[in-house]
Structures are given as structure tokens and as C-alpha cells.
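Since the structure comes first, as C-alpha cells, the remarks are kept for the end.
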Ligand SMILES: Cc1cc2nc3c(=O)[nH]c(=O)nc-3n(C[C@H](O)[C@H](O)[C@H](O)COP(=O)(O)OP(=O)(O)OC[C@H]3O[C@@H](n4cnc5c(N)ncnc54)[C@H](O)[C@@H]3O)c2cc1C
Ligand code: FES
Ligand code: FES
């Protein structure tokens, strides 16, 4: 099948794009990398009357840092994030996430803004947005706002973006000195979306106990989740024999995944236990300056 | 929206075609420009047979509207084929029996032409990871991995001369 008819717009400035987005509202879709939108249009799951191409707008593809946070332009391609030396230094989970998305040619075109706006519950960047307290910077003709990741993902393929709003950039927390991270997933084939993915960050306090911890899971519900309550109770804990498995087992009790054609709820719970445990162990090893394979 | 004029730079030549904005780059290449080396398998980004290069970056032609490509430089497998003989990748695929029916081959050439520029000496694992984006129903992939290794060596040795 081929896409349905639409009117094509190629604004060259963000203001022009915002004007078009305001004018056409729900009848328009922004196209960034097109790696999710065009497949949906090809099978006519999406039939927008207007397509607003943001690829000709300058200044939407960048990586900036100020030591404490990193900011990435909405149109930055996955491939650039994968290869960014700044990100590898300040926020290494992001290149690791990018490297795992789809296939080589898809990463050359797909964008981080598109990935967040799509809001697939098993996608890599939404998971990292939850883990790293991302602020999603959006604009419309009415002004700008920053939406915290926990308020951004509403349901499967659904965000809190209003019609007329365009994502312009995303700010992530940079990792602190001595803070380790882990990211694990299971997919049936290379390039597939994960069935479940898990990510964690961890820093030890001066006494060698857990000083700071963050954990997020994807593929376990309608949106990626952050395990805030579990993080609170883990702080101050010791990292001795079985600590990571104990936390992961609690997570598997707390989270209520559903069964679908890819995996049963029981299998997802098992994956949560295994993948979160390994993510935590990786995070601890990195926090201690050890190499992780 | 009815047909509009679209200017495209393909393999170093300028073309002007008339097509609806909804026409995919893969269809314009094949139907309007008669560059049928670009194959179409799945039209949702999975099989890789439509892969071309956009400003040197491998991209699925089935996930791009031709109208988006004005001002960009498109390279298809035809553009990666020398006037005489074969490119190192093509030669190596031939020598290693890296193809049978050849449906997947153009996408493999456009993909690895770009990848070997980025990584001129890839390991088997690295090649397999990239190759996972190109489905081949004939070869079982091992011969393609060998071909890419051989091509990489040919290109490195060629560059060293
Ligand atoms: C075969 C295949 C495998 C894939 N595997 C994975 C995978 O493993 N993991 C993964 O995460 N992704 C995967 N993807 C999807 C890929 O990462 C996409 O690039 C990404 O999800 C969407 O980014 P895009 O820039 O292509 O967005 P588009 O397809 O252009 O847009 C997606 C949606 O976001 C909206 N949008 C885009 N940009 C903006 C913006 N700036 N502001 C507001 N709305 C916007 C669009 O209107 C559309 O609704 C896969 C895709 C394919 C085809
Ligand atoms: S036809 Fe484009 S990836 Fe299959
Ligand atoms: S050679 Fe037939 S599909 Fe690859």
C-alpha cells in the first residue's frame, strides 16, 4: 500500500513551522526522521492531511553541555548521539541507548525528538528520559514550556504534547563523578524493539553504601516507568551479596506488566528481575571504576 | 495535493520529475528515473533492500518522500558502480558468493559502502550487527560477512598503494 494524499510543507524557520502547526492542529503531523511516521503512513495507519517537514530548519540538531546537564536538539540523529564524545564523557547511557536502536540506516535518519514524541513504551530514549530526569523542551505559537519526562509520557504512543506544539530539544541530567550506570534489554532479534529493557544509575556514599540510585523499566506497561519508591528504600543499603537481585525481585512484584503477542506477563516479570539485576550490577561496577563488557 | 515539480540530484546528475508529494523516493527512483537497482521489499524499513545514501548516509528510500530530497545528494547502487568492472564490494560479493538471487544486494552495497568509510577494518561481529538491517533469504549471510571483510581489505590495500 502507499500513503494517502497530503499537503507537504517545508518551513525553513522554527517560527514558520510553529505557525503551520498552529494553523493545521490535529490535521498535521510533523515529520522528523520519518522512521516511524512513514511506515505508519505506508500502511495508512496514519493519514495526516498536512505533513510539516522540520528537516530544513537550522539549529535543531546539536549536543550542548554545561557540566551538570546535556542538551540535545530535537532533530539530532541517533547516529550522532551514538558517536558523540561529549555524551560518552558526560552521559554515557545515551550513546549506549542510541547504539541499540533499530538498524544502522535507521539510526542515520531517526531523531531523538521523534523517538520521544512517538512514545513507544519499549523504546530506548523514552526509558533514558525517565531514568535521567529529562526535561522535554517544547514550543508553540503561544510560547515555550519544559515538560518533565514523568509528565510527558501519557500512554502507548501518547504524550502530553498539545496540537501545535513541537519538541525543540531535550535536557538530560549528566552523570556525576563516580556515578555508574547500566542498561540491559532483551529483544528477539537484533534491531527489534526490546520486550523489556531496564536501566539504572548508582553512586556510593563515603561509607560505601548506596548514596544515589535511579531505576527505570520499559516494555512493562503503557509508558516507561521510574521506580521512585524502590529507589527511596534502597538508599543507604549495602552492596553485598545478592543486593541487586533483591531490589530487582521487589521491582518485579511492584510492576504489573500485561501479556501480549510478544510475551506473557510472567515472562516479562522474569525479565524485569534478570535485566534490572544486571543493570544494577553494571552500575555498581562502573561506579567503582571497573570495566563492564 | 496534485503533482509538483521535484528537483533531485541523483548519482551526480540533476533530474526534474513531476510527482505527488506522497510519492516515496524508492518509487521515484524506480519508476520516474528508471534506476531499478534500488529494490523494494517491505516498505516499512525492515528489509533494507531499498537502502540508498542521502548525503553519504545510508537511508531507507521507502521511508522518505522524494519531495523531501530537494537540495540533497542521493547515491544509488548505480552510482556506486564503476563505468567498467566492479567496485571492491561488488567484486568481493562476487568472489565470496555473497549473493544468489541478488534482491538484497543493492541495499547491502549502499549500506556497507558507507559503513566501511566509517569503520575501514570491522570485526565479524561488527559486520553482523550492521548486516542485521539487511534481510537476505538466499545466502545464510556467512558469505556476505566474508565478502565485506574481503572488500574492506581490498579498499585498505588499495588506499595504501
Ligand atoms: C525497522 C525499524 C526498527 C526500529 N527499531 C527501533 C528500536 O529498536 N528502538 C527505538 O527506539 N526505535 C526504533 N525504531 C524507530 C526509530 O527509532 C525512529 O527513528 C523513532 O522512533 C522516531 O523518530 P523519527 O525522527 O524517525 O520520527 P518520525 O517518524 O518523523 O515521527 C514520529 C512521530 O513523532 C512526531 N514528531 C517527530 N518529531 C517531532 C517533534 N520535533 N515535535 C513534535 N512531534 C514530533 C511525528 O509527528 C510522529 O508522530 C525502529 C524503526 C523501524 C522502521
Ligand atoms: S523496502 Fe525499504 S526497507 Fe524494505
Ligand atoms: S541473495 Fe537472494 S535475498 Fe540475498
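A few notes on this one:
- Only one of the numbered conditions (1) within 11 Å of chain B (Cβ to nearest Cβ); (2) closer than 18 Å to residue A:136 by Cβ; (3) in contact with a strand residue (DSSP E or B) (Cβ under 9 Å, 6 or more places away or on another chain) is violated by residue A:34, and that is (2).
- Residue ID - nearest to the chain's Cα centre (by Cα), chosen from residues in the range A:189-222 that are on the phi < 0 side of the Ramachandran plot and within 14 Å of chain B (Cβ to nearest Cβ): A:193
- Check on residue A:223, assigned by TED's automatic domain parsing to the domain that holds residue A:117 and farther than 22 Å from residue A:99 by Cβ: no
- When the range A:73-109 is limited to residues that are more than 13 Å from the chain's Cα centre (by Cα) and within 16 Å of ligand 2 (Cβ to nearest atom), the one that is farthest from the other protein chains (Cβ to nearest Cβ) turns out to be A:107.
- Some residue of the range B:122-145 being touching a strand residue (DSSP E or B) at 6+ places or on another chain (Cβ under 9 Å) and in contact (Cβ under 8 Å) with a residue 24 or more places away in the chain: yes
- Test for residue B:9: is it more than 16 Å from ligand 1 (Cβ to nearest atom), in the same structural domain as residue B:145 (by TED's automatic domain parsing) and either within 20 Å of residue A:36 (Cβ to Cβ) or in contact with a strand residue (DSSP E or B) (Cβ under 9 Å, 6 or more places away or on another chain) (or both): no
- Condition check for residue B:106: closer than 30 Å to residue A:32 by Cα, buried (at least 18 other Cβ atoms within 10 Å of the Cβ) and not assigned by TED's automatic domain parsing to the domain that holds residue B:34: yes
- Of all residues in the range A:9-43, those being outside any helix (DSSP H, G or I), within 26 Å of the chain's Cα centre (by Cα) and farther than 17 Å from residue A:113 by Cβ number 1.
- Failed item, numbered, when residue B:9 is tested on (1) in contact with a helix residue (DSSP H, G or I) (Cβ under 7 Å, 6 or more places away or on another chain); (2) more than 16 Å from ligand 2 (Cβ to nearest atom): (1)
- Restricting the range B:86-108 to residues that are closer than 13 Å to residue B:131 by Cβ and in contact with a strand residue (DSSP E or B) (Cβ under 9 Å, 6 or more places away or on another chain), the residue that is nearest to the other protein chains (Cβ to nearest Cβ): B:107
- Test: residue B:96 is touching a residue at least 40 places away in the same chain (Cβ under 8 Å) and surrounded by fewer than 22 Cβ atoms within 10 Å (Cβ to Cβ): yes
- Among residues of the range B:119-135, those that are out of contact with any helix residue (DSSP H, G or I) (no Cβ under 7 Å at 6 or more places or on another chain) and either more than 9 Å from chain A (Cβ to nearest Cβ) or within 15 Å of ligand 2 (Cβ to nearest atom) (or both), counted: 5
- Check on residue B:133, closer than 17 Å to residue B:80 by Cβ and modelled with pLDDT of 95 or more: no
- Pairs with Cβ under 6 Å, 6+ apart, first in the range A:1-25 and within 14 Å of another protein chain (Cβ to nearest Cβ), second modelled with pLDDT under 95: A:7/B:1
So that you can scan it fast, the table gives a plain yes or no per residue for (1) under 19 Å from residue A:60 (Cβ atoms); (2) not in a strand (DSSP E or B):
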| position | (1), (2) |
| --- | --- |
| A:122 | no, yes |
| A:125 | yes, yes |
| A:130 | no, yes |
| A:133 | no, yes |
| A:137 | yes, no |
| A:144 | yes, no |
| A:147 | yes, no |
| A:150 | no, yes |
| A:154 | no, no |
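- Residue in the range A:139-156 that is crowded, with 19+ Cβ neighbours inside 10 Å and within 17 Å of residue A:215 (Cα to Cα) present: yes
- Filtered by the rule that a residue be more than 8 Å from the chain's Cα centre (by Cα) and within 16 Å of residue A:96 (Cα to Cα), the range A:113-131 gives A:122, A:131.
The rows are residues; the columns are (1) more than 13 Å from ligand 3 (Cβ to nearest atom); (2) at pLDDT below 95; (3) more than 15 Å from the chain's Cα centre (by Cα).
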position	(1), (2), (3)
B:94	no, no, yes
B:105	no, no, no
B:108	no, no, no
B:112	yes, no, no
B:122	yes, no, yes
B:126	yes, no, yes
B:141	no, no, yes
B:153	yes, no, yes
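- Considering B:41, B:48, B:71, the condition of being assigned by TED's automatic domain parsing to the domain that holds residue B:13, touching a helix residue (DSSP H, G or I) at 6+ places or on another chain (Cβ under 6 Å) and either at pLDDT below 95 or not in a strand (DSSP E or B) (or both) is satisfied by B:48 alone.
The values are calculated or read from the model by the stated rules, or taken from the named source; none is laboratory data. Because the structure is a prediction, the values reported are computed rather than measured. Counting neighbours? That spans all protein chains shown, and the Cβs are built from the backbone with ideal geometry, glycine included.
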